[in-house]
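Below you'll find the structure, written out as structure tokens, and then a few comments.
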Amino acid sequence: MDAQIRKITAPDMALARELSELYRLAGWSDGSDGQDGQSLNILRNSFCCFGAFDSGRLVGFFRALSDGVSDAYLLDMFVRPEYRGRGIAGGLCRAVLACLKESGVGYITCISTPEGLGVYKPLSDVMQSYTPMKFR
């Protein structure tokens, strides 16, 4: 892995712009006006966020939403296309999981895209008798 993974503790607008670009590259946003402000809110309002940085540039991202006590939900794992296949996603996932477990959070879930299964499967168990729901 050629990127440094670290917890994001003091997000600013420059980092938010880089995160907006990751969302755009993943096809999760269209890059329209206002995306940087939304990314800044994402950074500020998540329980924990980790970034993968190469020469100061954000090349990967992963975050968790949590009450900080019992439950957490993992979401928004992104790695720039040219950095994929280097172990960055796995490193980000391990960092977020460690942060949650250090806080005492024990029930950690996510819904995976097909591309994310290779990252999540070695670190998790498939939930039996549960069905993910998306509300209207």
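None of the figures in this text is laboratory data; all of them are computed from the coordinates on show. These numbers were taken from a predicted model, which means no experiment stands behind them. Cβ: placed from backbone, ideal geometry, glycine included. Neighbour counts: every protein chain shown.
Could you give the spread of the C-alpha atoms of segment 1-51 along their three principal axes, from largest to smallest, in whole angstroms?
Result for segment 1-51: principal-axis Cα extents of 29, 25, 18 Å.
Would you mind ranking Arg80, Arg24 by Cβ crowding within 10 Å, fewest neighbours first? Mind dumping the intermediate values first?
On the way: Arg80 20, Arg24 15.
With the sparsest Cβ surroundings first, the list reads Arg24, Arg80.
Would you list which aspartates and glutamates come within 18 Å of Lys101, measuring only between C-alpha atoms, while excluding same-chain residues fewer than 8 positions from it?
Counting by Cα, and skipping residues close in sequence, Lys101 has these aspartates and glutamates nearby: Asp67, Asp71, Asp125.
Using only DSSP helix segments of four residues or longer, with each worth -39500 (n - 2.57), what per-residue ellipticity at 222 nm results for the chain after dividing by its residue count and rounding to 500?
Computed mean residue ellipticity for the chain: -9500 deg cm²/dmol.
Before anything else, pin down the relative contact order of segment 18-136: Cα pairs under 8 Å, at least 6 apart, normalised by residue count, whole percent.
20 percent
Taking the Cα centre of the chain as the origin, how large is its charge dipole in debye, to the nearest 20, when only Lys and Arg (+1) and Asp and Glu (-1) carry charge on their Cβ atoms?
220 debye
Expressed as a fraction of 2.2 N^0.38 Å, the rule-of-thumb size for a compact globular protein of N residues, what is the C-alpha radius of gyration of the chain?
The chain yields a ratio of 1.03.
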